[in-house]
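Heads up: the structure comes next, in structure tokens.
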Amino acid sequence: MKEHHDSIKVVSPEGIGKEGDDISILRNLPPVGIEFSNKADWAMEISEVIIITDIDPMKKSLYQYAYTALKKAIVLSKRILCFLKISAYECEKFAEICKRNGGHIEFFNVTTCNIQFRENIHLFSFDEPIIFVGEAIPDCDGYDVFLNIALQFKNRGKRVLAISEDSYNPLFGFTTISFDEEVTLKEQVFRINAFIHELERVQKPDVILIR
């Protein structure tokens with residue numbers, strides 16, 4: 001997304017990134033040209049689009065930092081892309097305030113496989129190649145690999161149905177679903193299969209990518 005904007009700032013508390021540092025230090029990578037800012041109010045005031053990231057509510061201080069930033073962005077009447085987990089009531093309330101103030105907010109929530117299990121349902125087969133991206137070691141660049149493969153296919157003119165649990169997929173035109181539902185393993189297999197089959201029917205992809 002960097003090439004579509006003149007300036008990008010990653011706002012964080014000082015304990016995560018220091019003012020002016022390149023964000024690549026978080027993962028020990030070469031500089032990417034995007035810097036941290038610890039000045040949340042200033043960064044939001046000069047921004048056209050503000051992304052509020054997905055923070056685990058159990059990380060209370062960091063979640064509160066993001067929640068405060070969300071309310072500030074709403075007051076500033078910005079265009080907001082919100083990945084933070086908040087209640088349906090808050091979504092409705094914040095959307096109404098944004099509309100009244102001339103701002104705009106979009107909420108991105110995880111989609112579940114909302115397909116009822118039936119004993120006589122069958123497993124669908126797929127004609128397209130399916131690529132599965134997994135990690136031998138958890139949280140070891142798997143999402144980067146998943147995105148890079150999907151974007152390479154798109155850049156080559158292929159229609160890609162890319163599916164994972166990662167919150168930020170909609171930013172790239174991909175699908176976010178939850179694979180972890182409180183159903184039996186048998187039900188989960190059939191539900192996921194039917195859900196992906198429905199996406200395939202609508203999107204008619206050349207390749208399916210699953211993380």
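Residue 149: net charge of surrounding residues, Cβ under 15 Å, Lys/Arg +1, Asp/Glu -1, itself excluded?
For residues surrounding residue 149, the net value is -1.
Tell me, what is the per residue accessible area of the stretch 99-211 in Å², probe radius 1.4 Å?
Accessible area per residue: 63 Å².
I want the local charge near residue 67. Using Cβ-Cβ distances under 11 Å, sum +1 for each Lys or Arg and -1 for each Asp or Glu among the other residues.
Around residue 67, the surrounding residues sum to +3.
Starting from the residue with the highest accessible area, list 98, 91, 140 in decreasing order, probe 1.4 Å.
140, 91, 98
Once the Cα atoms of the stretch 48-96 are picked out, what are the Rg and Dmax in Å?
My reading of the Cα-based Rg and Dmax gives 10.4, 30 Å.
Roughly speaking, to the nearest percent, how much of the chain's 1.4 Å accessible area is carbon and sulfur?
Numbers: 7150 of 13430 Å².
Whole-percent figure for carbon plus sulfur exposure: 53.
Extending each Cα 7 Å along its Cβ direction at residue 189 and residue 91, get the distance between those two points in nm, one decimal.
So the two model labels end up 3.2 nm from each other.
Given R₀ = 22 Å, what would the calculated FRET efficiency be for residue 156 paired with residue 131, taking r from the Cβ atoms and rounding to 0.05?
The value I calculate is 0.95.
Greater than 22 Å separation of Cα atoms is the criterion. Which listed pairs, 85/154; 85/186; 71/99; 39/99; 39/78, meet it?
Over 22 Å Cα-Cα: 85/154; 85/186; 39/99.
The values are calculated or read from the model by the stated rules, or taken from the named source; none is laboratory data. The model shown is predicted, which means the values in this text are computed figures rather than measured ones. Counting neighbours? That spans all protein chains shown, and the Cβs are built from the backbone with ideal geometry, glycine included. Heavy atoms of the whole protein, side chains included, go into the accessibility calculation; ligands, DNA and RNA do not. Shrake-Rupley method; radii C 1.70, N 1.55, O 1.52, S 1.80 Å.
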